[in-house]
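The structure appears right after this line, and notes come after that.
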Amino acid sequence: MKLTKLAIAALAGTLAAGPVLADLVFPGLHYRTGAYGPNGIPYADGYVDYFALLNERDGGIGGVMTSVPECETAYNTEKGVECYESTKGMGSLVYQPLSTGITYQLIPKATADGIPILSMGYGRTSAANGKVFSHVFNFPGNYWTGASAVINHILDMNNGDIKGKKISLLYHNSAYGREPIRTLEALAEKHGFKLTLLAVDHPGQEQKSQWLQIRRERPDYVTMWGWGVMNQVALQEAANMRFPMENFIGIWWSGSEQDVLPAGDAAHGYKALALHNTGSDYPLYDDLKKYLYDTGKASGEHAGTVLYSRGLYAGMLAAEAARTAQEISGRKDITSEDMRDGLEALKITQERMAEIGLPNFGPSFEVSCENHGGPMISAVQQWDAKAKKWSLITDFAGADMDVVGRLIDEDSAAYAAENNITERCN
Amino acid sequence: MLYRESGDFKTSYSQDQQTFPIVFDRVGYFILLALALLVVPLIINDYWVNAVILPFLIYSIAAIGLNILTGYCGQVSLGSGGFMAVGAYASYKLMTAFPDMSMVIVILLSGGVTALVGLLFGLPSLRIKGFYLAVATLAAQFFLVWLFNRVPWFYNYSATGMIKAPERTIFGQPITGAEVSPAISYLFCLGFVLFLAWIARNMTRGVNGRKWMAIRDMDIAAEIIGVNPLRTKLTAFAASSFYVGVAGALLFSVYLGSVEVGEAFGVGKSFLILFMIIIGGLGSMFGSFAGAAFMVLMPVLLKNIMVGQFGWAPDLAAHFEFVIVGGLIVLFLILEPHGIAQLWRIAKEKLRLWPFPH
């Protein structure tokens, strides 16, 4: 019995997570295991590598070193909560959980704790309304503008008339996949196309019946909100039934090398949205190579892929916000509330991106108190299976804000009413 | 060494039949209770509540529930995840439809709703047994998750299909939502655990429990001695579902705050709870707690040792965690098929006979 008690005491000691001492903490709620691991790994590598580069090359941000304590969430909300609780005491500045489910979970918690969330191109779309969501940011794009961008691209392909066309949405049956439905329904009404919804359950390997339905109904276009293995399986299924790839358009989470490579040449011409440019032809990669890949501090295995680029981009936005926060507060050692102010005052210009070493990598934009959604623009990229390369085929363009703006206002007003939030920024 | 039983005489039946007949156990139990009720709330923080204690308490309730059905009544169920979802969605509908209803009542009513659903899915148990029943309850699992995904009424037509617990207070203190203090949510869940465990313990010792065990041990013999299989199996299903439903409601409203049915209540959860009672010990209250502790705390503990102490990469640690927890499960089942509860029982016997254990 005494032994058991001793064991329990020892157990209790190790159950409490030890604090990590560092100055600027950007916790990485990443996932490198499970069904979503193949997509989580390159993103996590990019995020970690960006901060590692800042430490190695510049000595951190504004002279203060950064650290990215990683915590494995496996894309699971319960583990996400555990990770949030175990890292928030480290002086965490901003959370980027790379999961819509975990983001939903963290929005009220982090807001109460005064820690901002940057859900870059995912999470709750109506968080773009900064008047209601004080601590949540989702620039530079969100699902509803993404849905509208897909439809805009289809409109462009059809000279502006898609009346009577059939468009299917193949979506991950979770909060993430269901986000665009409302927007697509509103757009279907506006443009007169017929929308069919095809849900794919977690983890997404089983899609036979959905593709059978596509084969039967012969939609003109298929758009996909997929993640993890679901993307690969969908591409393979589309290839099997010879669905014309240029009519198959994914969201920005369904368009990376991991998704298209397994289908081989058959994936040629597949399209996906893009939040930023991709590839490794940027000066930043020279530094990454010099300071990290060549010294063995990072593998660089995924360098230049879409999701690695996204991780870099996410790291870059967070680092720029921290820099802005340092300028505003006049302190080097910023708190999470300073970080929130920094995110809200973030200004990304082409000059600044060129300085960083990523010229023309993404759009230039400004965040404001009212608008936490940034420019809400995206481009379309297409996969070239022969060159094994993604390339942008359109410019960064905006969404149908008549529809999306109205939906954002409606949804955030409902959230505000539900939670007794009074609007800010007045 | 620890147990000094000489001079401890029982002079009445009620003394002889109490839950903790040994003085040392009884004293230990009350000390533990006092610690849990009086000391822990003062020292507890956000991390401990949200990462360790709340999941342990909530899964304990679910494990007790499944133990009633599988451990005491012998009906294998793989539908626990689905029944937890019923509890969660019932509490969501009740919370949003009646904003002034007390959370205690909401949770208990959610358990009641789940009990009714459990009754319905318990009906096939009268005709099918063993593996076949497991498959039938698995169907319940898939059906319920599909239902909550499919019918927008259940999630109040929200855009994402997620349900989110609105803020509710108890005695002026928030109990759901973001502003909950760790001590309050801990005490709230602990209250449910103590109350429900107490009821379950006494139910399983009483006439109902004896009927359940009779059906478990040999249903034909039980029928011959006058146990009505219809009523007995259905009461087990109802009681079990009540517990599982309460656990689901607490998991949603107090612990997670927002839930998505496919992820939070998928078939993985059914297996998790089944593993808990198999590891902990079928037909044992202590086993329910031990199993829940093993399955909930072990991954967190391993993670903190490997990542926090040794400084390993989190993904490596996550992979090792699978290996270690899986290995431990197999090891446990080989060394002690009756679970942690049996290990505890043997250890206690030896301690009572110490220094001459045989």
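Here, each number is a calculation from the coordinates, and none is a lab measurement. Quick caveat, the model's predicted, so the values are computed rather than measured. Note that we place each Cβ from the backbone using ideal geometry, even for glycine, and neighbour counts take in every protein chain shown.
A few comments on the model shown:
- Out-of-range pairs (alpha-carbon distance over 20 Å; input A:K165/A:K190; A:K88/B:K93; A:K297/B:K303; A:K131/B:K93; B:K93/B:K164; A:K166/A:K190): A:K88/B:K93; A:K297/B:K303; A:K131/B:K93
- Among B:285-298, B:32-45, the order from most to least packed when residues are scored by Cβ within 10 Å on average: B:285-298, B:32-45
- Between region A:238-265 and region A:187-234, the alpha-carbon center distance in angstrom: 12 Å
- Once the Cα atoms are used to define both axes, helix A:37-53 deviates from the longest principal axis of chain A by about 50 degrees.
- Under 18 Å of direct C-alpha separation, and excluding same-chain neighbours fewer than eight residues apart, B:K233 reaches these aspartates and glutamates: B:D217, B:D219, B:E223.
- Applying 1/(1 + (r/R0)^6) with r as the Cβ-Cβ distance of A:L197 and B:A97 and R0 = 41 angstrom yields a FRET efficiency of 0.90.
- Cβ crowding within 10 Å, taken as a proxy for footprinting-reagent exposure, orders B:H319, A:H372 from fewest neighbours to most as B:H319, A:H372.
- When each of B:D25, A:D287, A:D259 is scored by the number of other beta-carbon atoms lying within 10 Å, the sequence from fewest to most is B:D25, A:D287, A:D259.
- Residue mean of other protein chain beta carbons inside 10 Å, A:97-103: 2
- Residue of B:D217, B:D315, B:D46 that the Gaussian network model of chain B assigns the largest fluctuation, springs spanning Cα pairs under 10 Å: B:D315
- Amide H within-cut-off set for A:K166, under 5 Å, with H built and near neighbours excluded: A:K194, A:D220, A:Y221
- Helix axis angle, A:229-240 relative to chain A longest principal axis, alpha carbon, degrees: 20 degrees
- Fully extended contour minus Cα-Cα distance, from A:S329 to A:E418, at 0.36 nm per residue: 28.7 nm
- As a ratio to 2.2 N^0.38 Å, the alpha-carbon radius of gyration for region A:173-273 is 1.01.
- Across region B:22-266, Cα pairs under 8 Å and at least six residues apart give a relative contact order of 39 percent.
- Karplus (6.51, -1.76, 1.60) ³J(HN,Hα), θ = phi - 60°, over region A:172-183, in Hz, Gly and Pro reported as x: 5, 6, 8, 4, 4, x, 7, 3, x, 4, 4, 5
- Remark: the Cα gyration tensor places region B:22-266 in the oblate category, a/c being 1.5 or greater and a/b not exceeding b/c.
- Residues of region A:242-274 falling in the label zone of A:K166, defined by backbone nitrogen less than 15 Å from a point 7 Å along Cα to beta-carbon, are A:243-244.
- Extension gain, B:V207 to B:L38, is 57.4 nm, computed as 0.36 nm per intervening residue step minus the present C-alpha separation.
- Each Lys or Arg adds one and each Asp or Glu takes one away; over the other residues whose Cβ falls under 11 Å from the Cβ of A:V200, this sums to -2.
- Lys/Arg +1, Asp/Glu -1 at C-beta; the protein assembly as shown dipole; positive extreme among B:T70, B:L57, A:Q210: B:T70
- Between region B:92-124 and region B:302-358, the alpha-carbon center distance in angstrom: 36 Å
- Label-point separation, A:Q350 to B:Q173 (7 Å along Cα→Cβ), nm: 5.8 nm
- Inter-chain neighbour count for A:196-209: the average number of beta-carbon atoms from partner chains within 10 Å of each residue's beta-carbon is 1.
- Distant-in-sequence amide H partners of B:H338 (H built 1.01 Å from N, under 5 Å): none
- 3J(HN,Hα) along region B:17-29, derived from phi through the Karplus expression 6.51 cos²θ - 1.76 cosθ + 1.60 where θ = phi - 60°, amounts to 9, 5, 4, 10, x, 8, 4, 4, 4, 5, 4, x, 4 Hz, with x in place of Gly and Pro.
- Packing-based exposure ordering (other Cβ within 10 Å, fewest first) of B:V244, A:V94: A:V94, B:V244
- In straight-distance terms, cross-link reach from A:K386 covers every one of the aspartates and glutamates whose alpha-carbon lies under 20 Å from its own, apart from those fewer than eight places away in the same chain; here that gives A:E237, A:E246, A:E257, A:D259, A:D265, A:D281.
- Here region B:141-207 and region A:351-418 have alpha carbon centers that stand 38 Å from each other.
- Where both bridge residues fall in the protein assembly as shown, DSSP classifies roughly 40% of the beta bridges as antiparallel.
- Per-residue mean of C-beta atoms belonging to partner chains within 10 Å, peptide A:75-86: 6
- Prolate/oblate/rounded call for region A:277-426, Cα gyration tensor, a/c under 1.5 rounded: oblate
- B:E5 sits among other residues whose Cβ lies under 15 Å from its own Cβ, and their net charge, with Lys and Arg +1 and Asp and Glu -1, is +2.
- Remark: relative contact order (chain A) = 20 percent; criterion is Cα-Cα distance under 8 angstrom and separation of 6 or more residues.
- FRET efficiency for A:S391 and B:V330, using Cβ-Cβ distance with R0 set to 56 Å, rounded to 0.05: 0.65
- Convex hull volume per residue, computed on the Cα atoms of region A:21-170, equals 158 Å³.
- When the helices of chain B are scored as -39500 (n - 2.57) per DSSP H run of n ≥ 4 and the total is divided over every residue, the value at 222 nm lands at -20500 deg cm²/dmol.
- Modelled spin labels at A:N240 and A:Q213, positioned 7 Å past Cα toward Cβ, are 1.7 nm from each other.
- Bridging of B:K350 to lysines at a Cα separation below 17 Å is possible for A:K2, once same-chain residues fewer than 8 apart are set aside.
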